[in-house]
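S.K.: Pasting in a structure now, in structure tokens, and then I'll have a few things to ask.
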Amino acid sequence: MLAERLPGPGVAGDQDYFHHACRNASTDHLPAGACRMGADPETVVDPQLCFDGIAALREADATVMPRPVLSNPNAATIMISEKAASMIRAPHGLQGASP
């Protein structure tokens, strides 16, 4: 069963969300899995990197990885972004690298 875990039921308004974000935000980890890609009901991004329920929005970064890679995530993130660019260009008959 999916349920809210953070910030929790005690956070109700904009000010509460702001304070929660200020207390808990950091940049010391890779947010892999935050928008996990897949075809099952637990995912929010499909295999074409389209965000579930929002037309024309794609997620093309490390958050679509189901789990963090065991090395530097830079190459994997670039690959995801390049694949997204190819999928966006393909229906328009565009191929190859962007100019």
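The values are calculated or read from the model by the stated rules, or taken from the named source; none is laboratory data. If you're wondering where the values come from, they're calculated on a predicted model, not measured in any experiment. Glycine gets a Cβ as well: all are built from the backbone with ideal geometry, and neighbour counts include every protein chain shown. With ligands, DNA and RNA removed, areas are computed over all heavy atoms of the protein, side chains included. Shrake-Rupley method; radii C 1.70, N 1.55, O 1.52, S 1.80 Å.
S.K.: Hey, any idea what % of the stretch 1-81's accessible area is carbon plus sulfur with a 1.4 Å probe? Spell out each step's value before the answer.
M.R.: On the way: 3580 of 6100 Å².
Ligands and nucleic acids excluded, carbon and sulfur give 59 percent.
S.K.: Given only helices, namely DSSP H runs of n ≥ 4 each adding -39500 (n - 2.57), what is the per-residue ellipticity at 222 nm of the chain, to the nearest 500 deg cm²/dmol?
M.R.: Taken over the chain, the calculation gives -8500 deg cm²/dmol.
S.K.: Still on this model: Quick one: if you stick a label point 7 Å off each Cα along the C-beta vector at ILE54 and CYS22, how many nm between them?
M.R.: Output for this residue pair reads 2.5 nm.
S.K.: Compute the length gained on full extension between LYS83 and LEU70: take 0.36 nm times their separation in residues and subtract their Cα-Cα distance, giving the result in nm to one decimal.
M.R.: Details: separation 13, 0.36 × 13 = 4.68 nm, distance 2.07 nm.
Net length gain for the segment: 2.6 nm.
S.K.: With every protein chain kept in place and ligands, DNA and RNA left out, what is the accessible area per residue of the chain? Probe 1.4 Å, answer in Å².
M.R.: Per-residue accessible area for the chain comes out at 77 Å².
S.K.: Let me ask something else. Tilt of helix 14-24 relative to the longest C-alpha principal axis of the chain, in degrees (0 to 90, nearest 10)?
M.R.: In the chain, helix 14-24 runs at an angle near 80 degrees to the longest axis.
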